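S.K.: Below is a structure I'd like to ask you about.
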Amino acid sequence: MTSLWPQIERILPKVSKPARYIGCEDGALPPGPIENRVSWLLIYPDAYEIGLPNQGLQILYEIINERDDARAERAYSPWTDMEREMRRRGLPLFSLESHHAAGDFDLLAFNLSAELVYTNLLNCVDLAGVPVRSEARRPDHPLVVAGGHCTFNPEPLADFVDLFVIGDGEEVVTEITEAVRQWKAGGRTAGSRQRILHDLATVPGVYVPSCYDVTYDGPNLVSVVPRYPDVPERVEKRTVADLAAWPYPRRQLVPMTEVVHDRLNVEIFRGCTRGCRFCQAGMITRPVRERPVDQVLEMVSTGLRRTGYDEVSLTSLSSADFSGIDHTVRSIVEDPQCSGNGSYPVSVSLPSLRVDAFTVGVAAEIQKARRTGLTFAPEAGTWRMRQVINKLITEEDLYGAVESAFSQGWRRVKLYFLTGLPTETDEDTVGIAALARNCVAVGRSHCRSASVTASVGGFVPKPQTPFQWYGQDTIASLQHKIGLLREATHRDKGVQLRWHDPKASLAEGIASRGDRRVGAAIEEVWRRGGTFQEWSEHFSLDLWTEAMASCGLSIEWYVHRERDRDEVLPWSHVSAGLHEDFLWQEWQDALSAAGTPDCRWTPCYDCGACTGYGLEHVVASAVAPAGGSQGTGQDLSRGSEVPVFLRPRIPAGARA
Amino acid sequence: MTDRDSARVRVRIRFTKLGKVQWTSHRDVARMWERAFRRVGLPLSYSEGFSPRPRVSFGLALPTGHESLAEYLDVELSDLTGVDIPGLPARLSAALPSGVDATAVEILPPGTPSLQEDVIACTWRWVAAPGEGSEPIGPEALEARVSSILAAPSVVVIRNRKGALQAEDVRPGILKLQLSGPAGSDPSQGMWLEADLACRPRSLRPSEVLAALGADLEERSVRRTHQWILREGARREPLVVAGPDVATDAPHALERAS
């Protein structure tokens, strides 16, 4: 198998940021052959600078490459100028390590972190010289695989992806490798593609759409049922029980050129039980599994020395909730191994800061070296609205956090909000402006130039969350809400308002809760040139509305319609471990503005994530971390007592 | 001046940029060096303020997609104690990406001018190949074009400067220009060019010289081989690589199999 490098190099002078196509990152495999082993091409279907830091891809890259009988290389979506040059010359998608043609690999495995990259997946498959529809592929074509959060509703891509991996990939990647190795040994003969896919459909956590029949009654989905008795009716997600067993990436890739999150990233826990009802990540990654503090410190210390970075991010869905976060960050800052024996300062960053003064204190402590901005996510403007979405932070929590920030030298604070939430009234919307204004007032007592940026996104309901039944807000309604906020803030010099394009939220909504029929519209958007839809300069809502119309699909029905409890949802045959009656109860509680506290420190409400898998929350400390209510609004007066009891499950249909 | 300030020392480093890494930008190279300095634990001197940066100054930017045997940077160390200067090139090279190798290191005497102030010209080697869709051009025809440029009192090219077209005479910046053999057995592979191009009042690029030679040509395998400073009336390199001067004798020396 020859390298395409000489032809690729010839076009690099003609394209922007050519370093995106050279590979050569520290931590990457040197060029090598892919024959006689199971070869994976791991693809992040967005630009290199977005995809390179993806930790999920890097973890699988290392796990596969630890095997003697397998090899993983990487690819990212070539930018539009590069794609044009490649197509002009008939050059296929290529890997970055050896610059092998993508079509020569056994598996093209995509990471799906966002719905708007779906058209890029199709484009990459096509650029690889592989038919975009699964049914047209022959035994010598690679298997097209997808994993990542979006696969919790695999249906919109069911006609294009041969197999989906649901949940954590660490273990299942090995099981797939074994199966493909046997397929290759058997010679990939005619008909063998169906056989290997059928075999893979029996691997726990693997969903093979071609092994399921879908029936409809008019617009309604009736059922998605397996064609074979040994294929599961419901695909349960995979969950690694113990993060300590997976200290990856051991050799994080250090890019040669600018990328997002260009620093050492160490995952400190997976899962989150805050229970924010809009948050798909928090729902599908349960339960909480913490990495032992010693392992975190070891990964940080060796990682910083190896890479030469002077910044580490402790990643998770809510890093301040890590048991002993205070001790952990202090140990890093004080460890001479992390700072070249004290010759330079090391910064620690915590993404998704919790909204409270304690967290800001930690942030001030650890960002002495380099002060990044502080971002908080109250998500909604009124307490009522925050109870609906179960983001139980009080105004006092927020003002305390902001007070703490401005008094410790920050001059600007960023606040994230969602609009278009269930039951949201104009009063709730303008509450966002009031909160921001009050935060500026708090700041002005410390710093005359204090300012607050309020960033507002249109809410897109996601599968496998309590809001999966909710009818998404229309563009007109979102624009009305943004208008209210602009009016409410335009005289406030201290408040800068930013908002996400409601049109992009609509397109995301189409892909997010679509069924298998939406695939045709996604294909149509791609055929009309709609790639890089995450990028405002390439996004076009017209492409999506025209594609939906040309496929005879109703945007109103797919996006804006509220679903009934009885409805068969397109993702009903995929399970994140959450009981359906838990999700429904949460939806009902949302509508009556009733909050549900975090089950790490309060009784279990049996969402299903632990019990269904025989797992438990793995936390280093049973005591909630310091800092008052921790933004949960819950009563922690019971101290270290962590009572656990199961709430009786309400039988389906008993509550309507 | 505090004791800490007085301990500060500037060190000049010469390095290569060869192979795939040529496609990284000047800023990318700066980041590579910052990480390499930290990996080898060099005691860097940092700027003050909220976002302290190491005090590193790079010389002339090398255009993305060009190789070099002669890149330079000056870095300020807070303290020389315990720093093994002769051993530094090897340690730094091990911490740098493949293709970027430190080839010489020297402590700068106080008052040494910066690279930006000091470098007057660069020597370049590159291939002039027929552009896409253009006919191959024979050695005699190319030779004639080179001679006519050298004989001309002025050579005006149109430059696109931040969107505005500007006429500029590049002739004064061409200090030397000559053909140095075919780039391959087939004329479509083009001819090697060698040129000394001035850095004053601004740095002339090989691509501008090539544009003056004809719109039907395309540059390939561009490599900076030397940078020159002036000392006592004679030109010399800011730092000389120990050992035989591979740069001029063998254009493909140090080439990496990438």
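S.K.: Just to confirm a number: summing +1 for Lys and Arg and -1 for Asp and Glu over residues other than B:LEU177 whose beta-carbon lies under 9 angstrom from that of B:LEU177, what do you get? Don't jump to the answer; show the numbers that get you there.
M.R.: Working: positive: B:LYS176; negative: B:GLU194, B:ASP196.
So the surrounding residues net to -1.
S.K.: Still on this structure, please answer the following. Where does each of A:185-191, A:564-570 land if you order them by average Cβ count within 10 Å, highest first? Could you put the intermediate results ahead of the total?
M.R.: Working: A:185-191: 10.0, A:564-570: 14.7.
Put in order of decreasing packing, that is A:564-570, A:185-191.
S.K.: Can I ask one more? In nm, to one decimal, how far is the modelled label at A:GLU35 from the one at B:ILE149, with both set 7 Å along Cα→Cβ?
M.R.: For A:GLU35 paired with B:ILE149, the spin-label model returns 4.5 nm.
S.K.: Relative contact order for chain A using alpha-carbon pairs under 8 Å, separation at least 6, rounded to a whole percent?
M.R.: 13 percent
S.K.: Residues of the stretch A:552-570 with backbone nitrogen within less than 18 Å of a virtual label 7 Å along the Cα-to-Cβ line of A:SER477, please, listed as ranges.
M.R.: Answer for this model: A:554-565.
S.K.: Set Lys and Arg Cβ to +1 and Asp and Glu Cβ to -1, take the dipole of the protein assembly as shown about its Cα centre, and tell me which of B:ALA144, A:ALA102, A:VAL203 lies farthest positive.
M.R.: Going by the Cα projections, it comes out as B:ALA144.
S.K.: At 20 °C and 1.002 mPa s, grab the translational diffusion coefficient of the stretch B:118-244 from Stokes-Einstein with a Kirkwood Rh over Cα pairs, rounded to a whole number in µm² per second.
M.R.: Working: Rh = 15.6 Å.
Calculated translational D: 137 µm²/s.
S.K.: Compute the convex hull volume of the Cα atoms of the stretch A:359-463, divide it by the residue count, and report the result per residue in Å³ as a whole number.
M.R.: Details: hull volume 11.1 nm³, N = 105.
Once divided by residue count, the hull of the stretch A:359-463 is 106 Å³.
S.K.: Mind pulling the per residue volume of the convex hull built on the Cα atoms of the stretch A:5-234? Å³ is fine.
M.R.: Hull volume over Cα atoms, normalised by residue count, gives 130 Å³.
S.K.: When you look at the Cβ of every residue in A:19-26, what mean number of other chain Cβ atoms sits within 10 Å?
M.R.: 5
S.K.: Charges only on Cβ, +1 for Lys and Arg, -1 for Asp and Glu: so what's the dipole of chain A about the Cα centre, in debye to the nearest 20?
M.R.: 1160 debye
S.K.: Shifting gears a bit: Determine the relative contact order of chain B: mean sequence separation of Cα pairs under 8 Å and six or more apart, normalised by residue count, in whole percent.
M.R.: Across chain B, relative contact order equals 24 percent.
S.K.: Please work out the FRET efficiency for the pair B:ALA141 and B:LYS162, using the Cβ-Cβ distance as r and a Förster radius of 45 Å; give the result to the nearest 0.05.
M.R.: Approximately 0.85, to the nearest 0.05.
S.K.: Arranged from highest to lowest average of other beta-carbon atoms within 10 Å per residue, in what order do the peptides A:240-252, A:286-298 appear? Kindly include the intermediate steps, with their values, before the conclusion.
M.R.: Numbers: A:240-252: 17.3, A:286-298: 20.5.
For the peptides A:240-252, A:286-298, the packing ranking is A:286-298, A:240-252.
S.K.: Now, a different point. Students often get this wrong: which residues of the stretch A:175-189 have the backbone nitrogen under 19 Å from the point 7 angstrom along Cα-to-C-beta of A:ARG195?
M.R.: A:176-189
S.K.: May I pose another question? If contacts are Cα pairs under 8 angstrom and at least 6 residues apart, what is the relative contact order of the stretch B:118-244 in percent? Present the calculation step by step, with values, prior to reporting the outcome.
M.R.: Details: 238 pairs, mean separation 49.7, N = 127.
Value for the stretch B:118-244: 39 percent.
S.K.: Among residues other than A:GLY471 whose Cβ falls under 13 Å from its Cβ, what is the net charge (Lys/Arg +1, Asp/Glu -1)?
M.R.: -3
S.K.: Residue by residue through A:338-349, how many Cβ atoms from other chains fall within 10 Å of the Cβ on average? Before the final figure, lay out each step's value.
M.R.: On the way: counts 0, 2, 8, 2, 1, 11, 11, 2, 1, 1, 0, 0.
So the per-residue partner count for this stretch is 3.
S.K.: While we're here: About the Cα centre of the stretch B:13-63, what is the dipole size in debye to 20, counting +1 per Lys and Arg Cβ and -1 per Asp and Glu Cβ, all else neutral? Don't skip to the answer; put the middle values down first.
M.R.: Working: 10 positive and 3 negative charges, 36 e Å.
Dipole about the Cα centre, nearest 20: 180 debye.
S.K.: Which of the residue pairs A:LYS481/A:LYS503; B:LYS20/B:LYS176; A:LYS17/A:LYS414; A:LYS14/B:LYS162; A:LYS14/B:LYS176 have a Cα-Cα distance greater than 21 Å in the structure shown?
M.R.: Table pairs above 21 Å Cα-Cα are B:LYS20/B:LYS176; A:LYS17/A:LYS414; A:LYS14/B:LYS176.
S.K.: In deg cm²/dmol, rounded to 500, what helix-only [θ] at 222 nm does chain B give when every DSSP H run of at least 4 residues adds -39500 (n - 2.57) and the total is split over its residues?
M.R.: Computed ellipticity for chain B at 222 nm equals -6000 deg cm²/dmol.
S.K.: Which whole number gives the average count of other chain Cβ atoms within 10 Å of the Cβ atoms across peptide A:8-14?
M.R.: Neighbouring Cβ atoms belonging to other protein chains average 4 per residue here.
S.K.: A further question follows. Take the Cβ-Cβ distance between A:ARG330 and A:ARG305 as r, set R0 to 25 Å, and report the resulting FRET efficiency rounded to the nearest 0.05.
M.R.: My answer for the efficiency is 0.85.
S.K.: Which length gain, in nm to one decimal place, applies between A:GLN7 and A:GLU396 when the Cα-Cα distance is subtracted from 0.36 nm times their residue separation?
M.R.: Separation in residues times 0.36 nm, less the Cα-Cα distance, equals 133.9 nm.
S.K.: Also, I was wondering about something else. Take the stretch A:104-237, drop everything but the C-alpha atoms, weight them equally and run the Debye formula without solvent; then report log10 I(q)/I(0) at 0.13, 0.22 Å⁻¹ to two decimals.
M.R.: Per q value, in the given order, log10 I(q)/I(0) is -0.53, -1.54.
S.K.: Mind pulling up the Rg/Rh value for the stretch B:3-112? Radius of gyration and Kirkwood radius, both on Cα. Mind showing how you got there, number by number?
M.R.: Working: Rg = 13.8 Å, Rh = 14.4 Å.
Here the Rg-to-Rh quotient is 0.96.
S.K.: Here's something else I'd like to know. State the dimensionless ratio Rg/Rh of the protein assembly as shown (Rg: radius of gyration of Cα atoms; Rh: Kirkwood radius).
M.R.: 0.99
S.K.: Could I ask something else about it? Based on Cβ point charges of +1 for Lys and Arg and -1 for Asp and Glu, what charge dipole magnitude is obtained for chain B about its Cα centre, in debye rounded to the nearest 20?
M.R.: Values: 32 positive and 33 negative charges, 157 e Å.
Result for chain B is approximately 760 debye, rounded to the nearest 20.
S.K.: Per-residue counts of other Cβ atoms within 10 Å, averaged by peptide: what ranking do you get for B:41-47, B:70-76, highest first? Could you put the intermediate results ahead of the total?
M.R.: Working: B:41-47: 18.0, B:70-76: 21.3.
Order by mean packing, descending: B:70-76, B:41-47.
S.K.: With a/c under 1.5 counting as rounded, go ahead and sort chain B into rounded, prolate or oblate using the C-alpha gyration tensor (a ≥ b ≥ c being the square roots of the eigenvalues; past the cut-off, prolate if a/b is larger than b/c, else oblate).
M.R.: Values: a/c = 2.16, a/b = 1.83, b/c = 1.18.
Since a/c reaches 1.5 and a/b is larger than b/c, the shape of chain B is classed as prolate.
S.K.: Mind checking which aspartates and glutamates have their Cα closer than 16 Å to the Cα of A:LYS391? Skip sequence neighbours fewer than 8 apart in that chain.
M.R.: A:ASP321, A:ASP356, A:GLU379, A:GLU424, A:ASP428, A:GLU586, A:ASP589, A:ASP598, A:ASP635
S.K.: Further question on the same structure: Apply 1/(1 + (r/R0)^6) to the Cβ-Cβ distance of A:ASP217 and B:ARG27, taking R0 = 45 Å, and write down the FRET efficiency to the nearest 0.05.
M.R.: Details: r = 58 Å, r/R0 = 1.30.
The calculated FRET efficiency here is 0.15.
S.K.: Compute the distance in nm between two label points, each set 7 Å from the Cα along the Cα-to-Cβ direction, one at A:ARG491 and one at B:ALA90.
M.R.: In this crude spin-label approximation the distance works out to 7.3 nm.
S.K.: Further question on the same structure: Stretch B:ASP79-B:SER57 to full length: gain in nm at 0.36 nm per residue minus the Cα-Cα span?
M.R.: 6.2 nm
S.K.: Let me ask you something else. Can you compute the helix-only [θ] at 222 nm over chain A? Use -39500 (n - 2.57) per DSSP H run of at least 4 residues, normalise by all residues, nearest 500 deg cm²/dmol.
M.R.: Numbers: 19 runs with 203 residues, N = 656.
Rounded to the nearest 500, the figure is -9500 deg cm²/dmol.
S.K.: Give me the one-decimal nm value for the distance between modelled label points at B:LEU179 and A:SER455, 7 Å along each residue's Cα-to-Cβ direction.
M.R.: 5.8 nm
Each value in this text was obtained by applying a stated rule to the coordinates, not by laboratory testing. Nothing here was measured: the structure is a model prediction, and the numbers come from that model. Here Cβ is always computed from backbone atoms with ideal geometry, including for glycine, and neighbour counts include all displayed protein chains.
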